[in-house]
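Heads up, the thing below is written out as structure tokens.
Bear in mind these aren't lab numbers, they're just calculated from the coordinates by the rules spelled out. Everything numeric here is computed off the predicted structure, so don't read it as measured data. A quick note on method: Cβ atoms are made from the backbone with ideal geometry, for glycine too, and the neighbour counts reach across all protein chains shown.
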Amino acid sequence: MKLTVCGTPAPQGSKTRTKFGGLREDNPNTAVWREAVKAAVMLAYPLGSRTDVCLARGPVIVEIEFAMPRPKSAKKGACADRKPDIDKLLRCTFDAMTEMGCWEDDARVVRVTATKLYAGEISLLPIPGALIHWDSIGRSSGCR
């Protein structure tokens, strides 16, 4: 399965306890990125209720390219070797994909190839976002 997500990828950071005892994300952009991922899943795979559907079942392999906005300080052709950390980008993206039924659980992901590039340069995306390809190692079918 393939997915293109538009928007600035955001990391899944730590949670901070509020004065009322609740928890909130440290990074306010986390919620925006998660919603962008969810919207892209709904657009690409309009299967109704996501809680009853699983696009990939069993062990899953993932290839993902994050296209980051290039800061003005970065030279053309430079590596995107600055924050955010790629593992935190994956965590945020995978959590949204799990919630949307792209797979049973992100614990089922057994292999990941992740790349972080600047949008519009080496990246396949001309704007910030992510290209995601995932599939079951066995067969893809709905969860039962």
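Which of the pairs 38/88; 2/76; 19/83; 38/72 have their Cα atoms more than 24 Å apart in this structure? Violating the 24 Å Cα-Cα cut-off are 2/76; 19/83; 38/72.
Can you work out D for segment 53-117 in µm² s⁻¹ from Stokes-Einstein, where Rh is the Kirkwood radius over C-alpha pairs, the temperature is 10 °C and the viscosity is 1.306 mPa s?
On the way: Rh = 13.2 Å.
Result for D is 121 µm²/s.
Spin-label model, residue 108 to residue 45: label points 7 Å out along the Cα-to-beta-carbon direction sit 0.9 nm apart.
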